[in-house]
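K.L.:
Take this structure first; my questions come after.
The values are calculated or read from the model by the stated rules, or taken from the named source; none is laboratory data. From a predicted model like this one, the values you see are computed outputs, not experimental measurements. Here the Cβ positions follow ideal geometry from the backbone for every residue, glycine too, while neighbour counts run over all protein chains shown. Just so you know, the surface numbers come from the protein's heavy atoms only, side chains and all, with ligands and any DNA or RNA stripped out. Shrake-Rupley method; radii C 1.70, N 1.55, O 1.52, S 1.80 Å.
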Amino acid sequence: RSQVWPDFADSAYHAFVTMAKISADHDIVGPALEVVEAELPAAGIPAQIGQDVEPKEGNSFVNCLVRFPCSSALGIMTLCLITVINTVAIIAEQGAEIFGSGANNDLNDVRTQEWEAYDQAKEWVKIFGQSEVDSDCVVESFGFSRPCDNRTYPAQTQSGEVILTVFVAKDGDNLFTEDNLEQIRAVENTIVKNKAFDEYCLRRDKSGADKSCQQPPSPLGLFYAPDISTASIFNEIDELDGQADGDLEVFSTPSLNADLAVIQSNLLSCSSGTVPGCSLVSLNASQNAKDIYRLMLPFVTALQRPRGDALQDVGKTLKLAAYMKAVGFYAPLVDYYFDKDFSISNPKSKHSRGVLSFGLPLAGYKNKDDAAEEQSENFSTWFRAEFNDYLKNTKDAGNVEVLFFATPLVRDEFLQIIVNDLLKVLISLSLVFLWIFLQTGSIVIAIAGITEIILSIPLAFFFYYSVFGFKYFDGLNAMTIFIVAAIGADDIFVFMDQFKMSSYHPEVCVNLKTRMNWVYSRASWAMFITSATTCSAFICTALSPLPGIQSFGIFSAFVIAADYVLVITWFPACVIIYHNYLEGRPCCPCCCFDFGSEQNSWGEARCRVQELWPYTRTMQTSTQKVRERGPEDAPTKRMMERFLSGPFAGFLGSRFGAYCTTIFFLLLLIPSAVLASQIKPLSSSEESLPADHPFQRLWTVSGEEFPSSAQTQNTPVHLVWGIRGVDTSGISVLREGAAKRGQLVWDESFQFDEAAQQH
């Protein structure tokens, strides 16, 4: 240590500096300096006041990097490429199935177990009773596999794809004007009057005898009702109370809803012949109910038939629909088409909606399971070619904004969203690359840094999936690219800052070995502390019962660990290569201006093109420059370094600074606690797509602007007999993947006999 042999250390150091200067004056480069460096023992490095320099040889791994930087970098990159090949092979084998987002429930929760039992039993019931099962045909449904249905159905009588449409008035609060209705009709006719629509529509007759298409639920049925006059019906009902004042007071008749239900039930019995001699007059119901039923029957019947060509009286149709909506018997015919503000007192609606349904199996197939992918592709190709561009352009035409959700386009839309998200990832990585370049001043270091960040993903996946055997990989894990981009860039800045700071200490720049040992010992420990704490935080998510959260946390921990390994192995090797061959050399004639160098102050420029030719491998490195400069010519620290190591460090180290810092963070807890107390459960559906996407706009408007209707499915409560539950013992979704949902356990003692039916 320099404290032990002060005279020897001082003499050796000055002798070394003198030789370095002589060699520089006589153009002695490279080997001469290297010999001198090799002969100087590490113990001879003088230490500044407060600087403790160990006389040891240093870290063996760092010394190896310094001695063989290219071989080290190549070896590390080879190992990383092996993990990349492994990751690509797994993705190629499994495709989109690698993401197991469908099993993000706690299998130990009784609600999950009961639902899984019901869901699996429901799938199996579909194939019970078949004469034979085609074992080669399997249908995948939300992580559960079942044999295909072998029964034969008439063409287009099973439910297939659907298109949900929402119409929004761009101007005003009333969508239903003559011009807007014509625009809505044009949109619907473009689809239903397509020459191939009959080959894909859902047929009304499930027996297959009648091949006509089922009428799609649409508000147009009210306004284009065929072969009737809605205005005449409205006027006749208006006159039932003796006053033609435009108010249908008879719809307020007490027990009207119950009377209409009695009439409907009895007339069905009359039509079937089970009750001879019955008629509307003989039914036990109020006269107003009988009159309303009689007058409304043509209108109700017309709603089931194909649209007419003539537009009905819009105002009276809206008023009639408002009164129908207030009566439970007629409400299911109209309530789906009007928003929550539509009422008798306000017969206006800014929004409306409809459904277009398509049928399966297509011609030439037995059922919807028969070559399901082929049928889906057949239909999607037709729909995409005929309507995709048209539907997307309708939102910009006329005074009606047309929103749509088309199940045939879901795959295309989500693929487009994924592509856009990948572009955002590229933009993010490009910004990180640019920032690293600006901070380090080297495009080589920036390339090495961004490469290290990207490689940490497949390296982590290799250990996560192939080594530790975690087979469940949630879609949320893709977000780790943004996490590692930030943390990886931070680690690079820590390492490079220590590399730059080493130039302030000539005693550590005796040679590259001593310099890199000093940098490595300081930077690696700082990065280890931050990486270890971050990994620990992510690993804590393994305590969650939800596989998706577990997968995200554990994979993120692997990514951070992989980034740390690369930033202390691959990145230092790249820095050493850069130091030895590129740091003091201009990269091209375009970069011939050297601003702010040691020989040139800011604002001056020096053309360095002459340094490119003749080209030689030898050059003066930054370590040699620091060594030649000597302790008396120490450079000025950067402004941020001066602030952090001076006033800021002094403030934190003082008693006053400690008190102020403690009080500040205690005060910060107050608004944090207030905001935390205001956390509430979601009051509306979470948006899974961008707010301006047509699909998301449709879901948002449907959920917020429309009330519950007869077509809206209520929350189902399933009562199931014949199953005991699912056996989840020994199953780990995280280890075995999303397909492991538990084994369905049948109740072997259950018999569907008379006693069970009376239970």
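K.L.:
Identify the single condition in (1) open to solvent by 10 Å² or more (accessible area, probe 1.4 Å); (2) out of contact with any Gly (no Cβ under 9 Å at 6 or more places or on another chain); (3) assigned to a strand (DSSP E or B) that residue 300 does not satisfy, given that it satisfies every other one.
P.N.:
Condition not satisfied by residue 300: (3).
K.L.:
Still on this model: Is it the case that the range 604-615 has a residue that's open to solvent by 30 Å² or more (accessible area, probe 1.4 Å), modelled with pLDDT of 60 or more and either more than 25 Å from residue 523 (Cβ to Cβ) or not in a helix (DSSP H, G or I) (or both)?
P.N.:
Within the range 604-615 (the criterion being open to solvent by 30 Å² or more (accessible area, probe 1.4 Å), modelled with pLDDT of 60 or more and either more than 25 Å from residue 523 (Cβ to Cβ) or not in a helix (DSSP H, G or I) (or both)), the answer is no, since none of the residues qualifies.
K.L.:
How many residues are at pLDDT 90 or above and either open to solvent by 70 Å² or more (accessible area, probe 1.4 Å) or within 13 Å of residue 551 (Cβ to Cβ) (or both) when one looks only at the range 85-105?
P.N.:
2
K.L.:
Pick out the one residue from 553, 548 that is in a helix (DSSP H, G or I), open to solvent by less than 40 Å² (accessible area, probe 1.4 Å), modelled with pLDDT under 90 and touching a helix residue (DSSP H, G or I) at 6+ places or on another chain (Cβ under 7 Å).
P.N.:
Only one candidate qualifies: 548.
The rows are residues; the columns are (1) among the aliphatic types (A, V, I, L, M); (2) in contact (Cβ under 8 Å) with a residue 24 or more places away in the chain; (3) open to solvent by 20 Å² or more (accessible area, probe 1.4 Å).
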| site | (1), (2), (3) |
| --- | --- |
| 383 | no, yes, no |
| 390 | no, yes, yes |
| 396 | no, no, yes |
| 406 | yes, yes, no |
| 409 | yes, yes, no |
| 416 | no, no, yes |
| 425 | yes, yes, yes |
| 431 | yes, no, yes |
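K.L.:
Given the conditions (1) over 21 Å from residue 346 (Cβ atoms); (2) assigned to a loop (DSSP other than H, G, I, E, B); (3) touching a residue at least 60 places away in the same chain (Cβ under 8 Å); (4) open to solvent by less than 50 Å² (accessible area, probe 1.4 Å), report the number of the one that residue 208 does not fulfil.
P.N.:
All conditions are met except number (3).
K.L.:
State yes or no: is residue 348 in contact with a helix residue (DSSP H, G or I) (Cβ under 7 Å, 6 or more places away or on another chain) and either at pLDDT 90 or above or assigned to a strand (DSSP E or B) (or both)? Step through it out loud before you land on a result.
P.N.:
Details: in contact with a helix residue (DSSP H, G or I) (Cβ under 7 Å, 6 or more places away or on another chain): no; either at pLDDT 90 or above or assigned to a strand (DSSP E or B) (or both): yes.
No; evaluated as a whole, the condition is false for this residue.
K.L.:
Checking residue 374 against (1) of a type in the set (D, E, K, R); (2) over 30 Å from the mean Cα position of the chain (by Cα); (3) assigned to a helix (DSSP H, G or I), which single condition isn't satisfied?
P.N.:
Every condition holds for residue 374 apart from (2).
K.L.:
Pairs please, first residue from the range 347-376 and touching a residue at least 40 places away in the same chain (Cβ under 8 Å) and open to solvent by 40 Å² or more (accessible area, probe 1.4 Å), second anywhere and hydroxyl-bearing (Ser, Thr, Tyr) and assigned to a strand (DSSP E or B), Cβ atoms under 9 Å, 6+ apart in sequence or on different chains.
P.N.:
Listed pairs, sorted by first residue: 368/159.
K.L.:
Here's a follow-up. Could you tell me whether the range 497-511 includes any residue that is of a type in the set (A, V, I, L, M, F, W, C) and open to solvent by 30 Å² or more (accessible area, probe 1.4 Å)? If you could, list the steps in order and put the result at the bottom.
P.N.:
Keep residues of the range 497-511 that are of a type in the set (A, V, I, L, M, F, W, C), which gives 499, 501, 508-510.
In the following step, the residues that additionally are open to solvent by 30 Å² or more (accessible area, probe 1.4 Å) were identified as 501.
Within the range 497-511, one or more residues are of a type in the set (A, V, I, L, M, F, W, C) and open to solvent by 30 Å² or more (accessible area, probe 1.4 Å).
K.L.:
Related question: Report the residue count in the range 448-491 for those that are in contact with a strand residue (DSSP E or B) (Cβ under 9 Å, 6 or more places away or on another chain) and closer than 17 Å to residue 78 by Cα.
P.N.:
The number of residues fulfilling the criteria is 1.
K.L.:
Okay, moving on. What helices (runs of 4 or more DSSP H) lie completely within the range 621-720 and have 2 or more residues being among the small types (Gly, Ala, Ser) and open to solvent by 50 Å² or more (accessible area, probe 1.4 Å)?
P.N.:
Details: elements: 622-629, 639-643, 649-653, 655-677, 694-705.
Here the list reads 655-677.
K.L.:
Please state which one of 341, 389 is modelled with pLDDT under 90 and either closer than 30 Å to residue 246 by Cβ or under 34 Å from the mean Cα position of the chain (by Cα) (or both).
P.N.:
Being modelled with pLDDT under 90 and either closer than 30 Å to residue 246 by Cβ or under 34 Å from the mean Cα position of the chain (by Cα) (or both) holds for just one of 341, 389, which is 389.
K.L.:
Would it be correct to say that residue 448 is modelled with pLDDT under 90 and either open to solvent by less than 80 Å² (accessible area, probe 1.4 Å) or more than 30 Å from residue 200 (Cβ to Cβ) (or both)?
P.N.:
no
K.L.:
When the range 303-330 is examined, which residues are found to be surrounded by 16 or more Cβ atoms within 10 Å (Cβ to Cβ), small (Gly, Ala, Ser) and over 17 Å from residue 236 (Cα atoms)?
P.N.:
308, 326
K.L.:
Hey, among 385, 363, which residue is more than 30 Å from residue 174 (Cβ to Cβ) and not in a loop (DSSP other than H, G, I, E, B)?
P.N.:
Being more than 30 Å from residue 174 (Cβ to Cβ) and not in a loop (DSSP other than H, G, I, E, B) holds for just one of 385, 363, which is 385.
K.L.:
Starting from the range 645-657, take each residue that is over 23 Å from residue 498 (Cα atoms) and list its partners that are open to solvent by 50 Å² or more (accessible area, probe 1.4 Å) and not aliphatic (A, V, I, L, M), counting only C-beta distances under 6 angstrom and pairs at least six apart or across chains.
P.N.:
From the range 645-657, the pairs are 657/651.
K.L.:
Would you point out which residue out of 561, 537 is over 30 Å from residue 81 (Cβ atoms) and at pLDDT 90 or above? Working first, answer last.
P.N.:
Values: 561 fails: over 30 Å from residue 81 (Cβ atoms).
Matching residue, one of 561, 537: 537.
K.L.:
Output yes when any residue across the range 474-486 is open to solvent by 10 Å² or more (accessible area, probe 1.4 Å) and more than 26 Å from residue 530 (Cβ to Cβ), and no when none is.
P.N.:
Yes, because at least one residue in the range 474-486 is open to solvent by 10 Å² or more (accessible area, probe 1.4 Å) and more than 26 Å from residue 530 (Cβ to Cβ).
K.L.:
Return the residues of the range 211-243 that are touching a Lys or Arg at 6+ places or on another chain (Cβ under 9 Å), assigned to a helix (DSSP H, G or I) and open to solvent by 30 Å² or more (accessible area, probe 1.4 Å); say none if nothing qualifies.
P.N.:
Matches in the range 211-243: 235 only.
K.L.:
Further question on the same structure: Assess whether residue 513 counts as being among the basic types (Lys, Arg), at pLDDT 90 or above and in a helix (DSSP H, G or I).
P.N.:
yes
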